[in-house]
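Notes follow once the structure below has been shown.
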Amino acid sequence: MTSRRAILRTGLAGATALLPTWARSASPGRVRTLPTVSGNDITLTVDHAAWEIDGRTAHAVTVNGTVPGPLIRLKEGEKVRLSVINKLAEDTSIHWHGLLVPFQFDGVPGVSFPGIKPGATFTYEFPLIQAGTYWYHSHSGLQEQLGHYGPLVIDPQDADPVAYDREHVVVLSDYSFIHPHAIMKRLKQQAGVFNFQKQTLVGLLAGKDQSLNERLAWAQMRMDPTDISDVTGAAYAYLVNGHGPADNWTGLFSPGERVRLRVINASAMTIFNVRIPGVPLTVVQADGQNVRPVTVDEFQIAVAETYDIVIGPMPDQAFTLVAESVDRSGMARATLAPREGMSAVVPPLRARPHASMKDMGMGAMDHSAPAPAVDHSKMDHSKMDHAAMGHMMPAASPAPAPAAPMSHSMSMRDPRNAPQVKMGPGVQTISPMPTDRTGEPGQGLEDVGHKVLVYTDLVALTANPDPRPPTRTKEIHLTGNMERFMWSLDGEKFSEVKAPIPFRKDERVRIVLVNDTMMAHPIHLHGHFFEVVNGHPGHHPRKHTVNVLPGGKVTLDLTADAPGDWAFHCHLLFHMHAGMMQVVTVRPLDGEPA
């Protein structure tokens, strides 16, 4: 951290240099197309390399020497061989995110194959039975955070239903000059270590943020309503195609063209809110699957999701593509322009969001009525467990409300609300009243004053391939302890799980994901697409990753049609690394008895 004396000594020029990169004057921009590889036989080399971000040299794990790795461009209906050479001093792997492949080529060490040893080559070989926008990344250690990821596009065998004149692949990501293992250590040592946007006394006196009563209530629960992201702009540079905001990656177009943007969130930990000020965005594809076109002004893209959007016809001027981190501690920024050297106004960061009662799993309450308070004078806070939060936030009013009796259903740590969850120190809360939040835009986007994409806007362009109703329902809870940075599914971290989640081949199952934590979790199932049950029966959107908002729940219908063992996990890298992962097994395999 730079001291106040040092800042004064540097003068105005030095102070300007300390401004966030998005607040500085726009650079002319770098017009750089992603390197592309294609064909039926492709070689990819994983190695260490130096990479420059906003003028600063970074250490990266690269694929074919770049961050992101090369765009892999393939054709539906063909077969591909991908030979991966490992030049690292440690094991590596590549997972083909969203691709339907035989499980032995899915690329998850310890689940579907042993990994790629140093100096070894592994060849993935599979048919391409789908089209759309996807990506690939390491599933070994924390290499993904260091740059081991890249885009993948499969062009359709038949005519593309999306009309456009030009396209750009936009890979969003985050990078830290702090080594990922050091980040993990800090997260375990201190909750909120990277949150530099906490509430202040100045904010209270100015009438900003929460009221005094609200702050006292949250303090009693030992929760921080500004704890939206574990790793923030205090540690991250946010990138577009490997370039920081000051680099200003630029994509060109000709006036009058309709431009397709294939947006991929390849970050380790960052959910982005994406917009192009002044330009409507028509969403035409989600997670590689075509959807009925829906026009919005902004969309939230969780880690590992992809969205294809079409803009235009474009006028003869420059536009800024803004990808703001969900906690608004920073942004990735790029320019779309008809000529090199052009730039547009970069908007300032918006006010950071706050967690609410709904984010605590109390979304079914009647918010028009005052919430009951807790008589804290009768509680022994010296013996209070951080996880023992069986009470609610009082209403924001000058006078405290009288204490109210509570039923077990309103407790935030009552196992009767989720009997399948293994209770322990890794389970801080159980949502007492989780609600379906698929019709909501995401934290901080409730009152932006324009149309934001929500999951209920998504309608599959073609009918769902399996019209059968589910034969059973399985509920899975997303659990954790934010204070101790412990993350799990149904209260068990991956290293503690005794058996995989079993499915019979071709069975139809309804899965209900319940988020018992106060953070969003993008949940990814390998080897399958599931249907997000969002009110469009027969045309539910088919996705491979779904973002479950805090205190919310999402219902999925799954046809378990891919035999094998498949990873099922939160795609926030450090959450997965801490244990928020299990294995789904689909049986029988070929040759096994039914």
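The values are calculated or read from the model by the stated rules, or taken from the named source; none is laboratory data. Since the structure is predicted, the reported quantities are computational estimates derived from the model, not experimental observations. Neighbour counts are summed over all protein chains in view; Cβ atoms, including those assigned to glycine, are modelled from backbone coordinates with ideal geometry.
If you go through region 286-304 and pick out every residue that is under 20 Å from Ile129 (Cβ atoms) and polar (S, T, N, Q), you end up with 2. Taken over region 387-421, residues that are surrounded by fewer than 15 Cβ atoms within 10 Å (Cβ to Cβ) and either at pLDDT 70 or above or among the aromatic types (Phe, Trp, Tyr) (or both) amount to 3. Output the residues belonging to region 160-200 that are of a type outside the set (Ser, Thr, Tyr), assigned to a loop (DSSP other than H, G, I, E, B) and modelled with pLDDT under 95. Once the filter is applied, which keeps residues that are of a type outside the set (Ser, Thr, Tyr), assigned to a loop (DSSP other than H, G, I, E, B) and modelled with pLDDT under 95, region 160-200 yields Gln190, Ala191, Gly192, Val193, Phe194, Asn195, Phe196, Gln197, Lys198, Gln199. Reported count of residues in region 554-575, each being within 16 Å of the chain's Cα centre (by Cα) and either assigned to a strand (DSSP E or B) or over 30 Å from Arg484 (Cβ atoms) (or both), is 4. Residues that are part of a strand (DSSP E or B), free of Cβ contacts under 8 Å to residues at least 60 places away in the same chain and either more than 30 Å from Val61 (Cα to Cα) or more than 21 Å from the chain's Cα centre (by Cα) (or both) do not occur anywhere in region 295-310. Return the pairs, sorted by first residue and then second, in which the second residue is in a loop (DSSP other than H, G, I, E, B) and of a type in the set (D, E, K, R), the first residue lies in region 455-477 and is touching a residue at least 40 places away in the same chain (Cβ under 8 Å) and under 29 Å from Ser488 (Cα atoms), the beta carbons are less than 6 Å apart, and the residues are 6+ apart or on different chains. Every condition considered, the pairs that remain are His477/Asp490; His477/Asp516. Would you please name the residue that is farthest from Gln317 (Cα to Cα), looking only at residues in region 349-370 that are small (Gly, Ala, Ser) and at pLDDT 70 or above? Result: Gly361.
Evaluation of Asp359 against the conditions (1) among the acidic types (Asp, Glu); (2) within 30 Å of Ile183 (Cβ to Cβ); (3) surrounded by fewer than 24 Cβ atoms within 10 Å (Cβ to Cβ) shows that the sole unmet condition is (3). If you check Pro293 against the conditions, is it out of contact with any strand residue (DSSP E or B) (no Cβ under 7 Å at 6 or more places or on another chain) and at pLDDT 95 or above? No: the conditions fail for Pro293. Here Val46 passes the criteria (1) in contact with a Ser or Thr (Cβ under 7 Å, 6 or more places away or on another chain); (2) over 30 Å from Glu167 (Cα atoms) except the one numbered (2).
Of the residues examined, Gly535 is not one that is at positive phi, crowded, with 20+ Cβ neighbours inside 10 Å and in a loop (DSSP other than H, G, I, E, B). Please tell me if Thr429 is of a type in the set (Val, Ile, Thr), outside any loop (DSSP other than H, G, I, E, B) and touching a residue at least 40 places away in the same chain (Cβ under 8 Å). It is false that Thr429 is of a type in the set (Val, Ile, Thr), outside any loop (DSSP other than H, G, I, E, B) and touching a residue at least 40 places away in the same chain (Cβ under 8 Å). Among the residues making up region 239-265, a single one is surrounded by fewer than 24 Cβ atoms within 10 Å (Cβ to Cβ) and of a type in the set (Ser, Thr, Tyr): Ser254.
Table: residues versus (1) without any contact (Cβ under 8 Å) to a residue 12 or more places away in the chain; (2) within 29 Å of Phe530 (Cβ to Cβ); (3) surrounded by 22 or more Cβ atoms within 10 Å (Cβ to Cβ); (4) aliphatic (A, V, I, L, M).
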position: Ala50; (1), (2), (3), (4): yes, no, no, yes
position: Val67; (1), (2), (3), (4): no, no, yes, yes
position: Gly98; (1), (2), (3), (4): no, yes, yes, no
position: Lys117; (1), (2), (3), (4): no, no, no, no
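Is it true that some residue in region 508-515 is touching a residue at least 40 places away in the same chain (Cβ under 8 Å) and not in a strand (DSSP E or B)? Checking region 508-515: not a single residue is touching a residue at least 40 places away in the same chain (Cβ under 8 Å) and not in a strand (DSSP E or B). Pairs meeting the criteria (first residue in region 121-147 and in a loop (DSSP other than H, G, I, E, B) and at pLDDT 95 or above, second residue crowded, with 21+ Cβ neighbours inside 10 Å and charged (D, E, K, R), beta carbons under 7 Å, at least 6 apart or on different chains) are Ser138/Glu144. Within region 549-563, the set of residues being out of contact with any Ser or Thr (no Cβ under 7 Å at 6 or more places or on another chain) and under 18 Å from His528 (Cα atoms) comprises Thr555, Leu556, Asp557, Leu558, Thr559, Ala560, Asp561, Ala562, Pro563. Can Asp590 be described as surrounded by fewer than 21 Cβ atoms within 10 Å (Cβ to Cβ) and within 30 Å of Ile183 (Cβ to Cβ)? Answer is no for this residue. Just one residue in the set Gly527, Gly551, Gly535 is modelled with pLDDT under 95 and of a type in the set (Gly, Ala, Ser); that residue is Gly551.
Applying the condition of being outside any strand (DSSP E or B) and of a type in the set (Ser, Thr, Tyr) to region 22-65 and asking which residue is modelled with the lowest pLDDT yields Ser25. The residue that is surrounded by the fewest Cβ atoms within 10 Å (Cβ to Cβ), among those in region 435-488 that are touching a Leu at 6+ places or on another chain (Cβ under 9 Å) and acidic (Asp, Glu), is Glu475. Within the option set Val346, Val322, being modelled with pLDDT of 95 or more, of a type in the set (A, V, I, L, M) and not in a strand (DSSP E or B) holds for one residue only, Val346.
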